[in-house]
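Working notes, structure below.
Read the figures in this text as sums done on the coordinates, not as results from a lab. Fair warning: this is a prediction, and the values are worked out from it, not measured in the lab. Here the Cβ positions follow ideal geometry from the backbone for every residue, glycine too, while neighbour counts run over all protein chains shown.
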Amino acid sequence: MKMKIIKLLSLALLLLQTNIYAQEKLYIGTDTTEFPPFEYIENGEIKGFDIDLIKEIGKILNKEIVLKNIQFDGLIPALQTGKLDAIIAGMTVTAEREKNINFSNPYYTSKQLLIVNKNNDLSTLENLKGHKIGVVLRCTGYVMLLKWVIL
């Protein structure tokens, strides 16, 4: 299963850049501030599931992986301007993002939940309207709440 995922991601990575074979290094963007266990900093080093995955892809491609820790909002612009060869981060596929970048097949699907005080009747989406809700800007929870017209 692990090899199948790596092979699929390798193919997607190859499709992102036509000159990838000529490069010795692949510059990969991620954001370590919001998404452990997928990306995080430990003892000054970028670690996590996504990092292990992209390093395995680098081994298969015989390429050195150079990780760039970039604020989430800067990842897509850095890819578009050629500062990155690919992004590996917990990024929700949206129609707007698909206009600007290509996504690999998903290799992980996350679940979203809302945590509320048990003394409040906020058990339905309708009951959440008008309440303050904490989300990470432009991340999955934010996108989903916008879709449900709660924010």
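What shape does the stretch 111-151 have by the C-alpha gyration tensor, where a ≥ b ≥ c are the square roots of the eigenvalues, rounded means a/c under 1.5, and otherwise prolate means a/b greater than b/c and oblate the rest? Intermediate results must be reported in sequence, preceding the final value.
Working: a/c = 1.96, a/b = 1.56, b/c = 1.26.
Verdict is prolate for the stretch 111-151.
Summing Lys, Arg as +1 and Asp, Glu as -1, what charge do residues with Cβ under 12 Å from the Cβ of V143 carry, V143 excluded?
Numbers: positive: R97, R138, K147; negative: E96.
Residues near V143 contribute +2 overall.
Which whole-Hz couplings ³J(HN,Hα) result when phi for each residue of the stretch 99-114 is put into the Karplus expression 6.51 cos²θ - 1.76 cosθ + 1.60, θ = phi - 60°, listed in order with x for Gly and Pro?
5, 10, 9, 9, 9, 6, 5, x, 10, 7, 10, 9, 9, 10, 9, 10
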